[in-house]
Amino acid sequence: MGKWNFPAKGAHLDRVDGVYFQNMTGHEVEERLQKNDLLIIPVGSTESHGAAQPYGEDVFLAARLAELVAVETGCTVTQPVWYGSHPQNQLGMPGNIIIPEDVFVAYLRAIIAGFWNAGFRKQILINGHGQEEVIPLALHGFTKRYQVPAVLVSLHWWTPIHTHLFDKEHGGPFETPFRHADEAEASYSLALFPEMMQMEHAVDNKPGGFIPGDHVDKGGDVYHKPLRGHEAVGFGGIAPITYPEGVLGKPSLADPEKARPGVEAFLDYLTRLINDIMTTFPVGKLPPMDKVTQRSADEIDRVVKGPLQGGQHIYTLAYPP
Ligand SMILES: [Zn+2]
C-alpha cells in the first residue's frame with residue numbers, strides 16, 4: 001500500500017482548503033508565497049470521450065493528479081484550462097471545443113505572465129490531452145518575449161510513466177495499446193474520479209489506419225515509434241467518420257487496478273520534480289539572472305520586486321504577453 005490515497009473523496013475544485021489559487025484570498029496567497037511559490041497549472045480539453053466518460057476527462061485527470069501532489073508538497077494549483085488545441089483528425093466531433101493553436105498558445109502565455117507577476121515564478125503545466133506539440137510553444141514564447149528568470153515546465157502525465165501505459169505484449173497491464181478514451185485512459189479515470197464514469201454505457205471499437213508498417217505512435221507516444229501522433233497526416237481517418245463512438249479501442253476493459261501503479265509512479269515523479277526545483281531554488285529564489293537573460297540587472301530587479309513592493313509589473317517590459 002503506497003502513501004497515496006485516491007480516489008479522493010470529491011475534488012478540491014470548489015473547496016476552501018488552500019489547494020486552488022482562485023479559491024484563496026489575497027491574505028492566503030501572500031502567506032503561501034512566503035512558504036511555496038511553485039504553481040501547477042492543469043491544462044486539458046473539452047472533448048468527446050464516448051458514452052461512458054465525461055467531456056472534461058483530460059482536465060480531471062490532470063487536476064486530480066495535481067491536487068494530490070499539491071497537498072503533499074505545499075504548492076498551489078490554478079483552476080484548470082478547460083479548452084485546448086486538437087490534432088486535425090478530431091475536428092468536427094460534437095463536444096470537441098477546439099481552440100486554434102495561435103489563440104491557445106497566446107492564452108497560455110498570458111496565463112504564465114499573469115502568474116509570474118503574481119509571484120509564482122515556478123510553474124508546471126500538467127497536460128492531460130493530445131496537445132503535446134503545442135503547449136511547449138507557450139513556455140518558449142513567454143521566455144523569448146520577457147527574458148525574465150523563471151522555471152517553467154510542460155509535463156504530459158503519461159510521459160514519465162510511459163511503460164505503465166504499455167499493453168501486455170510490451171510488458172504493461174493493458175490488453176490494448178493506450179489511445180484516446182480507451183481501456184487505459186478510462187482505467188486512470190476510474191482510479192481518480194470514478195464518480196464521473198458510467199462504464200455500463202461503454203462502447204468499444206476497433207481502430208484502424210491506412211498505411212501499414214507501424215510507423216505512427218498511438219496515445220501519448222508511449223512506444224517511441226518513428227512518427228509521433230502529431231507528425232503524420234493521411235495515415236488514418238477523422239473522428240466523426242471513423243470513430244464516431246468517441247473512443248479508440250476498448251474502454252469496456254477498463255479497471256482502476258490496472259492504473260493504480262502508474263498513478264502512484266506519476267505522483268512520486270511529480271513530487272520529486274517539485275522537490276528538486278524547490279531545493280535548487282528555494283522560495284523566492286530564481287535561476288541566476290546573469291546566466292539566463294541579457295536584460296539589465298536594474299530592469300530585472302524592478303519586475304522581480306513587483307508593482308506593490310517598489311518595483312514594476314511585468315507588462316512594463318512588453319504587452320500583450
Ligand atoms: Zn482524453
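Every read-out reported here was derived from the displayed coordinates using simple, explicitly stated rules and does not represent laboratory data. As the structure is a prediction and not an experimental result, all values here were calculated from the model. Cβ placement follows ideal geometry from the backbone for every residue including glycine, while neighbour counts extend to all protein chains displayed.
Data overview
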| quantity | calculated |
| --- | --- |
| In region 132-147, the residues that are in contact with a helix residue (DSSP H, G or I) (Cβ under 9 Å, 6 or more places away or on another chain) and either part of a helix (DSSP H, G or I) or surrounded by fewer than 23 Cβ atoms within 10 Å (Cβ to Cβ) (or both) | E132, E133, I135, L137, A138, L139, G141, F142, T143, R145, Y146, Q147 |
| Filtered residue count, region 160-213, keeping only those that are out of contact with any Leu (no Cβ under 7 Å at 6 or more places or on another chain) and among the charged types (D, E, K, R) | 8 |
| Qualifying residues in region 29-77 (those that are farther than 20 Å from P194 by Cβ and among the β-branched types (V, I, T)) - the one nearest to the ligand (Cβ to nearest atom) | T46 |
| Any hit, region 238-253, residues being within 30 Å of G74 (Cβ to Cβ) and among the charged types (D, E, K, R) | no |
| Hits in region 270-297 (condition: part of a helix (DSSP H, G or I) and either small (G, A, S) or over 25 Å from L33 (Cβ atoms) (or both)) | A297 |
| Out of Q22, Q53, Q34, sole residue that is in contact (Cβ under 8 Å) with a residue 40 or more places away in the chain, surrounded by fewer than 19 Cβ atoms within 10 Å (Cβ to Cβ) and in contact with a Gly (Cβ under 9 Å, 6 or more places away or on another chain) | Q34 |
| So E28, is it free of Cβ contacts under 8 Å to residues at least 12 places away in the same chain and surrounded by fewer than 19 Cβ atoms within 10 Å (Cβ to Cβ) | yes |
| Output for region 248-261, where each listed residue is closer than 26 Å to L125 by Cβ and crowded, with 24+ Cβ neighbours inside 10 Å | L248, A259 |
| Residue, surrounded by the fewest Cβ atoms within 10 Å (Cβ to Cβ), within region 86-112, restricted to residues that are aliphatic (A, V, I, L, M) and touching a helix residue (DSSP H, G or I) at 6+ places or on another chain (Cβ under 6 Å) | M93 |
| Which listed residue, of E183, E175, E132, is over 19 Å from L33 (Cβ atoms), in contact (Cβ under 8 Å) with a residue 40 or more places away in the chain, more than 18 Å from the chain's Cα centre (by Cα) and within 13 Å of the ligand (Cβ to nearest atom) | E183 |
| Yes/no for K206 being of a type in the set (K, R) and surrounded by 15 or more Cβ atoms within 10 Å (Cβ to Cβ) | no |
